[in-house]
Amino acid sequence: MVMPTEQEHPQKAFGWAARDSSGVLSPFNFSRRETGEKDVTFKVLYCGICHSDLHMVKNEWGFSTYPLVPGHEIVGEVTQVGSNVQKYKVGDRVGVGCMVGACRSCGSCTDHLENYCPKQILTYGAKYYDGTTTYGGYSNIMVADEHFIVRIPDNLPLDAAAPLLCAGITTYSPLRYFGLDKPGMHVGVVGLGGLGHVAVKFAKAMGVKVTVISTSPNKEEEAVKHLGADSFLVSRDQDQMQAAIGTMDGIIDTVSAQHPLLPLIGLLKSHGKLVMVGAPEKPLELPVFPLLTGRKMVAGSGIGGMKETQEMIDFAAKHNITADIEVIPIDYLNTAMERLVKADVRYRFVIDIGNTLKASS
Amino acid sequence: MAKSPEEEHPHKVFGWAATDSSGSLSPFHFSRRENADDDVTIKVLYCGVCHSDLHSVKNDWGITNYPIVPGHEIVGVVTKTGKNVTKFKEGDRVGVGVIVGSCNTCDSCQQDLENYCPKVIFTYNSHYHDKTKTYGGYSDMIVVDHHYVLRFPDNLPSDSGAPLLCAGITVYSPMKYYGMTEPGKHLGVAGLGGLGHIAVKIGKAFGLKVTVISTSPAKEDEAINRLGADSFLVSTDPAQLKAAMGTMDYIIDTVSAVHALAPLIGLLKLNGKLVTLGLPNKPLELPIFPLVLGRKLVGGSDFGGIKETQEMLDFCAKHNITSEIELIKMDYINTAMERLAKADVRYRFVIDVGNSLTR
């Protein structure tokens, strides 16, 4: 007989879960494991709402299991550490991102690329080493192996830092890996949402000239005045796109809907790189001629390893980079999800778990 | 009134040209410019038949300006040099590849990447600085600016070395640029034709393990026993594909027809690189999820600059890499083109221009 979720583990926990692919979330009682010798337990204060959470509650990728407690942009304060924990103590400000486990011995893991480990364990909706389901940060407490915890420096506000744990690393990693971080380079950012707005901030901090490429002309003022982008390109405007042909060293494409690659490839200089961090479900058309005649490339990138995630947080702290957020109480969650479908948020919802998530009696 | 091709320039030249999109070639009289101070005049001995020649004579890409004299894998002997030319002298064996001019001032040209110059002048079907048409190597002589002439190393045979001037550089350049040169790493070569067979040889010379990926099981024996590939994968066999998933560090994709990229991307390891070199006339389908989940990339590449082409020739000479060829006479060219359309050649036709191009 399957153990009810409340009794599976010794520490009581509560959160909000989706029960089926309608994606509607509601209060959910469950439990978390005892703090093991390498574990860190923390009281969750805030959790960012990532578009992946929306994809998962609705089972859009086909591998969701219910009940599903989403949330992988989780921050809080340490309440307990295991006997072998070296790096953290009670009271520390910490976070957990998209993963809570990996094999720790394969080539990817030894290269600090746990995100590419074939046995990577996602923060929610996956199976932990002990066979139990992982539950994410729309909950009051988290227990995670020290290796998958990051420290949040004191000068970063916890709520606005939470989205960095997914959106931040997802855009920081490819800027570094594909060498689009050299001062004086010109990088385009397609899509101004959770990922896009953070990509602009990181690229600017790296000394890169940034052009936001968007279908929405009304985002221009914020992009330029508030986020610091150098220019703005309306992708439906043929004249603007024509004038920008062959001007970019790289493009970070955050758009997950189906969209044409041809105009973006045209914006690249020769030897330029188009990096996809949004993941459209269906294949896109790849025009081969311009790829060859300009020696251009299209690549993908997904989150980042733990070492780089900490590096990214430290970089953000040094440059005072946080996400632009709308803090919401937990019971606004379903409305927030509906607004997220319509991209109606500037630019990330963050749930005020600490103040609004109370156990149901 | 525009001058006829025969009258345009002072030197009479004979070659074979296509005059319409049937692609059928026939004898053609034209002329070439006087050998200027920077020029080298070359008597053509051999010219490789590149698949691009076929695309061009049939106007597959919609950019052919008839009459067209194809041929950009040209090997010959210097007969005259202009007074500014110091690198070559009469009697030298030389090659001419895909380009005969560029702007010389842009960033690409300054970085020895003339092949990416926006004003690049192709050996055929372009217009030269003097606005006249360029004609390629299916002809008895050619006049070329010395910067675009390659020195042919002594131990490289003229006939089987000719295809290196396009096929060779087209695979060598991306292998260097995309870092496909670490000994012990695993290279997949998709398509075993003019480009593919040379990629296998160059891959082995770099110390790579090489797997040929092909739709034709009949090619396995040659791939392994003649070309030196380590293994062979029939891409239409789902079981073989599955077993090879995530095993390749790099793939050179030489297939020029429209084809599926998803299975090739699946063969790549994490951080794997797929470079596609063929020029289909429609876009390909690119699945994004596997790129994101595996930080993989799909890139393009277009032959190479002059400096790198020379480097490639010297590399091939050092490693005794030549093309596997079928030597043909000029008047066999139309049959050769028909066979090429069916990929019926092991693995490059080379026209024996010197001995068979007679007026």
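Would you calculate a helix-derived [θ] at 222 nm for chain A, using -39,500 (n - 2.57) for each DSSP H run of n ≥ 4 and dividing by the full residue count, to the nearest 500?
Calculated mean residue ellipticity at 222 nm is -6000 deg cm²/dmol.
Ranked by Cβ crowding within 10 angstrom, fewest neighbours first, how are A:Tyr116, B:Tyr124 ordered?
In order of increasing Cβ crowding within 10 Å: A:Tyr116, B:Tyr124.
Calculate, for A:Gln86 and B:Cys103, the FRET efficiency according to 1/(1 + (r/R0)^6) with r their C-beta to C-beta distance and R0 60 Å; round to the nearest 0.05.
That pair, A:Gln86 with B:Cys103, gives E of 0.50.
What is the distance in Å between the Cα centres of the range A:1-66 and the range A:231-276?
Cα centroid to Cα centroid, the span is 38 Å.
Please find the FRET efficiency linking B:Arg151 to B:Glu7, where r is the Cβ-Cβ separation and R0 is fixed at 41 Å, and quote it to the nearest 0.05.
In this case the efficiency is close to 0.80.
In what sequence do B:Thr322, B:Thr236 fall when counting other Cβ within 10 Å, fewest first?
Going from sparsest to densest Cβ surroundings: B:Thr236, B:Thr322.
Could you state the angle between the C-alpha long axis of helix A:167-177 and the longest principal axis of the C-alpha atoms of chain A, as a value from 0 to 90 degrees rounded to the nearest 10?
50
Compute and list, largest first, the equivalent-ellipsoid semi-axes of the protein assembly as shown from the alpha carbon gyration tensor, each √(5λ) rounded to a whole angstrom.
Those come to 58, 26, 21 Å.
What is the ratio of the Cα radius of gyration of the range B:167-300 to 2.2 N^0.38 Å, with N the residue count, to two decimals?
0.94
What is the helix-to-structure angle for B:306-318, meaning the angle in degrees between its Cα long axis and the longest Cα principal axis of chain B, kept from 0 to 90 and rounded to the nearest 10?
For helix B:306-318, the angle is close to 70 degrees.
Between B:Lys80 and residues 5 or more places away or on another chain, which pairs have amide H atoms under 5 Å apart, with H built 1.01 Å from N, and which residues are they?
For B:Lys80, whose amide H was placed from the backbone, the distant partners under 5 Å are B:Thr41.
Give a residue-ordered list of calculated ³J(HN,Hα) values for the range A:67-74 (Karplus: 6.51 cos²θ - 1.76 cosθ + 1.60, θ = phi - 60°; whole Hz; x for Gly, Pro).
My calculation for the range A:67-74 gives x, 10, 9, x, x, 9, 10, 10 Hz in order.
Given the alpha-carbon gyration tensor of chain B, what are the semi-axes of its equivalent ellipsoid in whole angstrom, ordered largest first, with each equal to the square root of 5 times an eigenvalue?
Semi-axes from the Cα gyration tensor: 35, 21, 19 Å.
Hey, in the GNM for chain A with a 10 angstrom Cα cutoff, which one of A:Glu60, A:Glu326, A:Glu146 fluctuates hardest?
Among A:Glu60, A:Glu326, A:Glu146, the largest GNM mean-square fluctuation belongs to A:Glu60.
Going through the cross-link list A:Lys282/A:Lys342; B:Lys219/B:Lys269; A:Lys43/A:Lys209; A:Lys12/A:Lys87; A:Lys273/B:Lys342; B:Lys87/B:Lys119, which pairs have a Cα-Cα distance over 28 Å in this structure?
Beyond 28 Å between Cα atoms: A:Lys43/A:Lys209; A:Lys273/B:Lys342.
For peptide B:297-307, what's the mean number of Cβ atoms from other chains within 10 Å of each residue's Cβ?
5
Roughly speaking, what is the centre-to-centre gap between the range B:121-154 and the range A:279-353 when only Cα atoms are used, to the nearest Å?
Between the Cα centre of the range B:121-154 and that of the range A:279-353, the gap is 50 Å.
Over all residues in A:273-286, what is the mean tally of Cβ atoms on other chains that come within 10 Å of each residue's Cβ?
Other-chain Cβ atoms within 10 Å of each residue's Cβ, averaged: 5.
Classify the range B:41-178 from the C-alpha gyration tensor, please: rounded if a/c falls under 1.5, else prolate or oblate depending on whether a/b exceeds b/c.
rounded
Roughly how crowded by other chains is peptide B:109-116, in terms of the mean Cβ count from those chains within 10 Å of each of its Cβ atoms?
2
Could you calculate the contour length gain from B:Ser24 to B:Arg359, that is, 0.36 nm times the residue separation minus the distance between their Cα atoms, to one decimal place in nm?
Separation in residues times 0.36 nm, less the Cα-Cα distance, equals 118.8 nm.
If you rank B:His129, A:His9, B:His72 by fewest surrounding Cβ atoms within 10 Å, what's the result?
Going from least to most buried by this count: B:His129, A:His9, B:His72.
Using Stokes-Einstein with the Kirkwood hydrodynamic radius over Cα pairs, what translational diffusion coefficient do you get for the range A:70-214 at 20 °C and a viscosity of 1.002 mPa s, in µm²/s rounded to a whole number?
128
Local charge sum around A:Asp154 (other residues, Cβ-Cβ under 15 Å, Lys/Arg +1, Asp/Glu -1)?
Charge balance in the 15 Å sphere: 0.
Once the Cβ-Cβ distance between A:His259 and A:Trp61 is put in as r, and R0 is 25 Å, what FRET efficiency do you end up with, to the nearest 0.05?
Approximately 0.85, to the nearest 0.05.
Laboratory data are not the source of any read-out in this text; all were calculated from the coordinates shown. Not measured: the values here are computed from a predicted model. FYI the Cβ positions are ideal-geometry reconstructions off the backbone, even for glycines, and counts take in every protein chain you see.
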